[in-house]
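A.B. asks: My questions will all concern the structure given below.
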Amino acid sequence: MSDLEGSVRALLDERLTLGGFSGAAVAVSVDGDTVLELEVGVKASVDVNGDRVETDAGEPVTRDTRFDLASVTKLASAHTLLALVQAGVLDLDEPIAAKLRAYQNGAKKQVTLRHLLTHTSGLPASWHGWEMPLLEHLAARTAGAPPLAETPFEDREALLADLLATELVSGPGEHFRYSDAGYNTTMALAETVTGEPWEQLVAEHTLRPLGLDADISFGAPAEASVATEYDTRFGRGLLRGAVHDETAWVLGGRGASAGLFGTAAGLLKLAEALRAGTGEILGDWMWAPQLGRMLGPGRERDTPSGYDHSLGPRIGQLNMMGRSGWNVRGHTGFTGTSMQTDRDAGISIALLTNRVHPSRHGAGISGLRGMLADAVYVATGRADAEAMKHPLPPELW
């Protein structure tokens with residue numbers, strides 16, 4: 001066993017034993033060559049009834065296993081939107097009010113696609129317009145009804161109209177506020193302008209051109225996927241192959257903030273495309289820092305964990321990217337996923353777990369992403385082991 005495999009396996013096995021997830025997969029490349037593909041654990045630790053599955057009877061995670069990518073979806077979304085900009089269909093700095101009537105009033109008239117892609121639009125973190133109608137629907141269901149396999153909302157356009165009516169909580173360009181609502185607004189913008197469904201746009205402008213369509217998709221067969229949460233609040237039961245994020249789910253399983261499922265190898269391929277940086281989208285727009293431009297000089301790392309942001313990826317988020325991560329690009333996902341890539345060191349890392357299984361309130365994976373990155377850099381000779389011993393400030397972990 002190589003030092004790299006041994007270090008990564010030790011980290012994953014420790015969190016698996018502590019109950020941080022039921023299964024995980026990691027893929028690592030160095031200078032364009034895949035040097036590690038590793039899987040541990042099983043796809044689910046409880047069954048469709050919520051009963052514990054004995055480890056020996058579980059389905060092992062394999063290289064073909066798909067994970068709910070959660071907010072890592074935003075990277076594919078950003079690429080899709082920027083492809084539409086490159087094609088002249090959208091504009092980064094034109095107010096979206098030119099295309100969306102709901103933005104033709106007040107401060108919303110100033111919001112641009114660049115604001116939305118950098119989380120500086122002034123929108124709140126989330127849109128909750130679906131929540132009360134869903135709870136009312138659940139209350140009206142008969143006792144003992146089966147879990148909701150599909151969204152009960154038939155009128156997706158009405159939901160998007162409610163999303164677009166969301167008011168700003170600060171002026172555009174005043175603050176960084178991570179916003180799923182902002183990314184889903186970009187989806188509504190793209191669908192409105194093109195007349196095409198979001199999943200088709202993502203496939204046409206990102207998944208197929210980057211060779212990802214065999215490994216990444218919206219939704220996945222249950223048997224090919226790890227389970228995420230056993231949901232009781234919204235009556236969905238065991239989530240497996242169905243998106244965990246409730247907003248993406250009510251919108252039909254597809255969103256710009258979440259919705260994609262993928263393998264570790266597929267996510268690594270996306271990371272490598274960004275590292276290679278071919279063309280304007282991957283080479284410049286999704287790499288170049290933006291927060292100094294959007295918020296003003298000196299506020300480049302004016303974010304909760306002190307990271308900068310490009311048009312899609314985060315930059316230098318050390319609690320996920322490790323001590324060598326100041327110039328690294330990537331993103332995390334709520335379900336326990338992450339992707340990062342480093343042009344200077346030639347390293348890309350894809351980490352997939354189901355840390356929300358069987359509950360989002362479980363042991364979790366706090367600190368794992370950064371420790372995994374540190375282990376990869378040391379084992380591949382791209383960082384000094386002694387330097388990795390110096391602790392980061394607590395707020396960065």
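A.B. asks: Please list the non-local residues whose amide H lies under 5 Å from the amide H of Ile216, H modeled 1.01 Å from N, same-chain partners needing a gap of 5 or more.
C.D. replies: none
A.B. asks: Sorted from largest down, what three extents in whole angstroms do the Cα atoms of the chain have along their principal axes?
C.D. replies: Extents along the principal axes, in whole Å: 60, 57, 38.
A.B. asks: Would you calculate, for the chain, the mean residue ellipticity at 222 nm contributed by helices, counting each DSSP H stretch of 4 or more residues as -39,500 (n - 2.57) and dividing by all residues, to the nearest 500?
C.D. replies: For the chain, the value works out to -8000 deg cm²/dmol.
A.B. asks: May I ask you to list the GluC sites (Glu not before Pro) in segment 144-248 that are in a DSSP loop and have at most 15 other Cβ atoms within 10 Å of their Cβ?
C.D. replies: Glu150, Glu154, Glu167
A.B. asks: Continuing with the same structure: Ranked highest first by average number of other Cβ atoms within 10 Å, how do 53-60, 14-21 line up?
C.D. replies: 14-21, 53-60
A.B. asks: Which of the lysines could be linked to Lys269 by a straight reach, that is with a Cα gap under 28 Å, when you skip same-chain ones fewer than 8 residues away?
C.D. replies: Counting by Cα, and skipping residues close in sequence, Lys269 has these lysines nearby: Lys43, Lys74.
A.B. asks: Which value in nm describes the separation of the simple spin-label points at Asp51 and Glu94, placed 7 Å from the Cα toward the beta carbon?
C.D. replies: Distance between label points: 5.9 nm.
A.B. asks: I'd like the per residue volume of the convex hull spanned by the Cα atoms of segment 84-159, given in cubic angstrom.
C.D. replies: Cα convex hull per residue, to the nearest whole number: 147 Å³.
A.B. asks: Could you check the simple spin-label distance between Thr142 and Glu14, using points 7 Å along Cα→Cβ, in nm with one decimal?
C.D. replies: About 5.3 nm, to one decimal.
Where a number appears in this text, it was derived from the coordinates with a stated rule and is not lab data. This structure is a prediction, so every number in the text was calculated from the model and none was measured. Cβ sites come from the backbone with ideal geometry, for glycine too, and all protein chains shown count toward neighbours.
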